[in-house]
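Please read the structure below before turning to the comments.
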Amino acid sequence: MDTKKKLLMIDDDPDFVEPIMAILENAGYEVDAKYNPDEGFQALKTGSYDLLLLDVLMGRGAEGIMIARKIGDDEKLRETPILIITGMREQIAFLFPGQPVHPSFVPTDELIEKPVEPDLLLEKVSTLLKMAEERKAKSELN
Amino acid sequence: MSEKVGVYVCHCGTNIAGVVDVEEVSNWAGEQPNVVCSRDYKFMCSSLGQELIEEDIKEHGLTRIVVAACSPHMHEKTFRGATERGGLNPYLFEMANIREHNSWATTDKAAATHKAKALVNGAVERVVHHQPLEPIPVEINPATLVVGGGIAGISAALELADAGNHVYLVEREPSIGGHMAQLDKTFPTLDCSACILTPKMVDVEQHPNITLYSWSEVENISGYIGNFNVTVRKKARYVIEELCTGCGICEEKCPRKVVDEVFEAGLAQRKAIYTPFPQAVPKYPVLDPPNCTYFERGKCKACQILCPTGAIDFEQEDELLEFPVGNVILATGYDLFDSNRIPQYGYGHLANVFTSLEFERMVNASGPTDGKIVLRDGESVPQSVAIVHCVGSRDNNYHEYCSKVCCMYSLKFAHLVHERIPEAEVYNFYIDIRTPGKGYEEFYNRLLEEGTHFIRGRVADVTDAARLPGEEGKLIVQAEDTLIGKQRRIPVDMVILSAGMEARHDSQDVSLMFGMGCDFDGFFTERHPKLDPVATMTEGIFIAGACQGPKDIPDSVAQGAAAAARVAGLVNQETVMMEPVRASINKETCSGCRLCNDLCPYNAIVFHEDQKLSEVITALCQGCGTCVAACPSSAINGAHFTNEQVFSEIEGILWDVMEHQAVPA
Amino acid sequence: MATRPTFSEEVANLMHSSHGNPLNTCIQCGTCSGTCPVAEFMDHTPRCLIGLINANQKEDVLDSNTYWFCASCFHCTVRCPSEIDISGLMYSLKRYSIWKHHYSDDAIGPVFSETFVKSILRSGRSYEPVLAPSYIFSYGVREFLNEAHTATNLMLKGRIPVIPPKLKRIENFKKMADRIIPMGGAK
Amino acid sequence: MSTYSYFPGCSLEKMALSYHQSAMQTTNAVGVEMKEIEDWNCCGATTYFHVDELLAYTLVARNLAMAEKAGHDLVAPCSACYKNTYFTSKYLKEDKDLSDHINYALEQDNLKYSGSIEVKHLMEVFVNDVGLEEIKERTTKPLAGLRVAPYYGCQIVRPKKDHEDVENPRFFEELVSSIGADPVDFAYRLRCCGGSLIITSREAALTLVRNLLQNAVDSDADVIATACPLCQTNLEVYQMQVNQEFDTNFSIPIMYFTQLMGIAMGLPKKKLGIGSEFISTDKILTYAKEPA
């Protein structure tokens, strides 16, 4: 069937990407993975994806945030829902004596932290996809 | 009248087909107006591919041919041949470049296929406007100019002269011989460089077919294959060659000594009037005015007074000589990389760091130390020597390329140190040992047996700052021994920097003067790196030796001979057929404004005062098109590049945009 | 579909925006290691480390102390004949090791980095006294006494600040950092 | 009078206060105004890059933006600050994507960096902008006979590849000559002092310091001149520890080039911060004499 939803995952950690891809593919999604922010953003621009799964700490630092901000600045890309999956708190949170990662600072739709519960992941993905479709239908109506 | 066009789309293996959907392009082309037959084929340049064209012409009555393949530089000639064998005029052919301009430049298959269609369509639209053209025969002057009297130039000159052709050999320095004359022994056979070179130099001097102009430089060249006009500046020697016997009294009596930076690499002195070395050819000395006491203070004249034949002439001036030649061989050689550019190796700062050329002179039996290996003080014998490979080579900060000869001459140096100072320790610091030549690897094995220490690691720096015991008063060479993964500091008495080869500092100017190409490193560009290494993109101009890229003696000799063979072939043909892509002026529409006269870079346009008209001299015209574009009354026609042809091609390429615009036919 | 990146590709991804040539252009000449002032303290020379990366020897690379010894003197970077930013590589590996917590508990390098960053985020400027405790206990007795003695001397010469410096617009400063790493510091 | 935005950096607040004081005195003496950037922050040193480079760029960009707002080129006396600031400015100028992101963060402090200013090391200001002739002219008490080892260290020349000559710069030597002193041939002048390792890898750092001191002493230097607070601290404050570790007895003063300039210009030593050093500089001061 060709109604398969296409997801893009940008994450630099192959050890994390592999199981997540397996979970999503088993659930009937088509998943592409890119392992650095440049290639990831390029793929997002040229391909057509229904949802983006985005890591935060990559390359020079929190480049996932940089991508999310760029997407927010782009009228077309803005439509793609983003699910941030980050282990940042685990990785460097001790440096930032505050609260958990703030999704509100970047235009993202959802945020979950590594390690990820498969059920939670699938639930969030499908909710986001549904929301995006509703949003689209609404804007077409207008 | 409608033409019948055949279109051939080449796969070039996977070079094109890997990116461009060639079948799709071919099918699409078949549907275009005028196209009666369209095919794709694995290798159009193969004989089977060419036969395809020939057969189709006969079978389908094709009147025009388009091949979409590689660059015309590569195969335009090939397909013109096929077109001609099929019975058509070869100029009724057009090539679309879908490799260099397309498949090699992208990985986007859809875009590449789209662009291939556009390029093919442009070619189809253009080719229907092609006209049959006939090549222009030109006579070839049998004389040849060889620029540069090193071993490559000498070889070329002798080959041509022996075959009965006249050669003008122009050398910038006072003597021919080039770098080879400075060397002591040659690898891997260790024969004496001078012993094998001098006979050849003498042959040049005595050859009835060779006119040698040393201490001379080419000032200007004009014309085209078969008919070049050369201007040579013969620099004032201040010695009347006809009177000089080469007795050497002037040099002996000259009171003025200067450091010889050229031949002796700064290690010895020469006089203000001098022959660079005893076996110099020609034997006449050269006077060097900036260092001459007479030129400086108006007094001395020792040489003139003591010359037995009255051959010294202080009034002599540069002479400009003009002569015609049919072909040119450039063998201008190389410069040695300047070791000062790598300050961390200490050259010029630490006394006992030597360049390879300095060491060559030092080990030369007729050199400044009579062949003794000594430190800068002129007497101490080094007990340990470090030879640093890849100085200025294989380094993006200087030259990315490998200089090819340094490994071998470094091995030779190590051998010479062992030979002259048996108790000395020799360390060769290398990245890779490159010995691809006959007898070269065997020579390396010999050095291993002789006990040379080989340390695989590029030298980081050379310093005299001692830190550890045993380093006092030594030069310390620091490098990683990459085979054991440890940093090492080797204290030695002498360091030799194996400097690489680089293009002559003025190679860019030379290439411009001769109208030929020069690569980023300054080496002259050959027509084809593998199949045509001694020809250039300019007809009648050939290259040989290290001016084309780093090379050792055997390779330079081989190229010299190869270039000579190419020239001899042309001379034998007596005439050569030239491209008919030339401009011509329509007498009816020429207004006689003379705008084109001055613009022509080849001085190919004359003005007839009586008729108030300009005319193109076909033989001189190179078909560049400058005049065509400049003519205000569109009176100049560039054959094979007519406005109609060029505009149809542009419109053809823009087919997808043009469709929307209803362009009037 | 995506093929799993090798370790060498992982490192390349980490350096994706660096300013030199990729690591696989290394010709293993050893210029970097010959130049490195601290090569003798490293368990692998910088050249060897690049070799290990290119050969996908992930564990050996991460276990190596090489990158924590890099003093950022940039001598290797300017000399590299292949124009690889070797110092940049060392930074990348330090980041990788911190992010993945791949270092031993007694390693001073990462702990110091963390302390330093924390202190700057708190006040905007660095303040030497808070840096000291994090590493000083790892020293032996003699080094400890030396260090303490040095500190006392500095204090006597008036070269150690008594009050930590702080920015005036520290709240803005924290919010600014929060836009780069939104960890809720600004609330 | 030319004016610059001055970014002292954390060390100059206290640890290297004498560098700050002498920099102020000497720039003032040659008619250059250094306006300290208001509310500047740490440049991130090298350690910040270990955690998040983007954050390090942001920190630097805040200082750059404030300097740009003031309309002057930024001057850093510390080599590490200089290198960080110089390259951040360069990268932000070259990479629009990066600069967009960093400016997005700067918004929070109502700042923006557009890349219109240059970043200079304090020594560059003296050598290139003020000029050695001018310095020579202001030298009233030339340090004739004083043998100075000009210690460049690392980050004032590296990794800046387009520098006149990374492996053989001469500007420090020329500056030393211009105040009448003799620059010694100091082979280790471009080698690392281990500055950033002193805390994390003490043994390595002390070894590097030892080698440097040894080479300076071997070249008969009376004093090592530095242009970086980290180099100064390493070479001077840790000299005693080196002596203990390696059984040596080095006692060579390490002074900022601005202090030597100040002495040669006849400025009062107190104002140059002389007196806060561990190794006495009394002998150095005796060289300053008005020409006979």
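Each reported figure results from applying straightforward, stated rules to the coordinates on display, with no laboratory input. In this text the structure is predicted, and so the values were computed from the model without any measurement. Note that we place each Cβ from the backbone using ideal geometry, even for glycine, and neighbour counts take in every protein chain shown.
Take each residue of peptide C:150-157, count the partner chain Cβ atoms within 10 Å of its Cβ, and average: the result is 3.
For chain D, what is the relative contact order in percent, using Cα pairs closer than 8 Å and at least 6 residues apart in sequence?
Working: 499 pairs, mean separation 61.1, N = 292.
Over chain D, the number comes to 21 percent.
Under the shape rule built on the C-alpha gyration tensor, where the axes satisfy a ≥ b ≥ c, segment A:2-50 is oblate, since a/c reaches at least 1.5 while a/b does not exceed b/c. Excluding same-chain neighbours fewer than eight residues apart, the aspartates and glutamates reachable from D:Lys289 by a Cα-Cα span under 18 Å are D:Glu137, D:Asp182, D:Asp222. Between segment C:112-126 and segment A:1-39, the C-alpha centres lie 37 angstrom from each other.
Remark: mean inter-chain Cβ contacts per residue of C:118-126 equal 6, using a 10 Å Cβ-Cβ cutoff to other protein chain atoms. Compactness ratio for chain C: Cα radius of gyration over 2.2 N^0.38 Å (N = residue count) comes to 1.22.
Per residue of chain D, the DSSP helices (runs of n ≥ 4 H) give a summed -39500 (n - 2.57) that works out to -11500 deg cm²/dmol at 222 nm.
Compared with the dominant Cα axis of chain B, that is its longest principal axis, helix B:440-450 is turned about 20°.
For B:Lys58 and B:Thr642, what does the FRET efficiency come to when R0 = 25 Å and r is the distance between their Cβ atoms, rounded to the nearest 0.05?
On the way: r = 28 Å, r/R0 = 1.14.
It comes to 0.30.
Give me a single rounded figure for D:205-211: the average over its residues of other chain Cβ atoms within 10 Å of their Cβ. Don't skip to the answer; put the middle values down first.
Numbers: counts 5, 2, 4, 5, 0, 1, 3.
Whole-number average of other-chain Cβ neighbours for D:205-211 is 3.
Put in line by how crowded their Cβ is, counting other Cβ atoms within 10 Å and starting with the fewest, D:Ile156, B:Ile605 read B:Ile605, D:Ile156. In summary, the aspartates and glutamates within cross-link reach of B:Lys109, defined as a Cα separation below 16 angstrom excluding same-chain residues under 8 places away, comprise B:Asp21, B:Glu23, B:Glu24, B:Glu100.
Over chain B, DSSP H runs of length four or greater, each weighted -39,500 (n - 2.57), average out per residue to a 222 nm ellipticity of -8000 deg cm²/dmol. Local charge for C:Tyr91 was computed over the other residues whose Cβ lies under 14 Å away, with Lys and Arg +1 and Asp and Glu -1, and equals +1. Between D:Asp220 and B:Ala163, the FRET efficiency from the beta-carbon distance, with R0 = 56 Å, is close to 0.20. Put in line by how crowded their Cβ is, counting other Cβ atoms within 10 Å and starting with the fewest, B:Thr355, B:Thr198, D:Thr258 read B:Thr198, B:Thr355, D:Thr258.
With springs only between Cα atoms under 10 Å, which of A:Ile65, A:Ile85, A:Ile23 fluctuates most in a Gaussian network model of chain A? In the Gaussian network model the winner is A:Ile23.
Separation of segment D:233-292 from segment B:537-564 is 63 Å, based on Cα centroids.
Can you work out D for the protein assembly as shown in µm² s⁻¹ from Stokes-Einstein, where Rh is the Kirkwood radius over C-alpha pairs, the temperature is 20 °C and the viscosity is 1.002 mPa s? Before the final figure, lay out the partial values.
Numbers: Rh = 36.4 Å.
Rounded to a whole number, D works out at 59 µm²/s.
Relative contact order for chain C: what percent, with Cα pairs under 8 Å and sequence separation of 6 or more? Write down the numbers at each step before the final one.
On the way: 178 pairs, mean separation 31.6, N = 187.
So the answer I get is 17 percent.
Give me the lysines in straight-line cross-link reach of A:Lys130: C-alpha distance below 18 Å, same-chain residues under 8 apart excluded. Correct list for A:Lys130: A:Lys4, A:Lys5, A:Lys6, A:Lys138.
The residues packed around B:Glu205, meaning those with a beta-carbon under 14 Å from its beta-carbon, carry a net charge of -1 if Lys and Arg are +1 and Asp and Glu are -1. When B:Leu52, D:Leu208 are arranged by Cβ crowding within 10 Å, least crowded first, meaning fewest neighbours, the order is B:Leu52, D:Leu208.
Please go through the residue pairs D:Lys90/D:Lys271; C:Lys58/D:Lys83; B:Lys235/B:Lys257 and name each one whose alpha carbons sit more than 26 Å apart in this structure.
Values: D:Lys90/D:Lys271 35 Å; C:Lys58/D:Lys83 31 Å; B:Lys235/B:Lys257 22 Å.
Distance filter (> 26 Å) returns D:Lys90/D:Lys271; C:Lys58/D:Lys83.
Working from Cα positions, state the angle (0 to 90°, nearest 10) between the long axis of helix B:47-60 and the longest principal axis of chain B. So the inclination is approximately 20 degrees. For segment B:236-317, relative contact order (Cα pairs under 8 Å, six or more residues apart, normalised by length) works out to 42 percent. Counting only DSSP beta bridges with both residues in chain B, the antiparallel share comes to about 50 percent. Along each principal axis, taking the top coordinate minus the bottom one, the Cα set of segment B:89-159 gives 56, 36, 14 Å in descending order.
State whether chain B is rounded, prolate or oblate according to the following rule on the C-alpha gyration tensor (a ≥ b ≥ c being the square roots of its eigenvalues): a/c under 1.5 gives rounded; otherwise a/b larger than b/c gives prolate, and the remaining case gives oblate. Please report the intermediate quantities before stating the final value.
Details: a/c = 2.67, a/b = 1.57, b/c = 1.70.
Verdict is oblate for chain B.
Ordered by packing density, taken as the mean number of other Cβ atoms within 10 Å over each peptide's residues, highest first, how do B:271-284, B:503-516, B:155-168 rank? Present the calculation step by step, with values, prior to reporting the outcome.
Numbers: B:271-284: 20.9, B:503-516: 17.6, B:155-168: 22.6.
Listed from highest to lowest mean packing, they are B:155-168, B:271-284, B:503-516.
Taking D:Pro77, D:Pro183, D:Pro169 as the candidate residues, the one with maximal mean-square fluctuation in a Gaussian network model of chain D, Cα springs under 10 Å, is D:Pro169. Relative to the longest principal axis of the Cα atoms of chain D, the long axis of helix D:17-29 lies at roughly 90 degrees.
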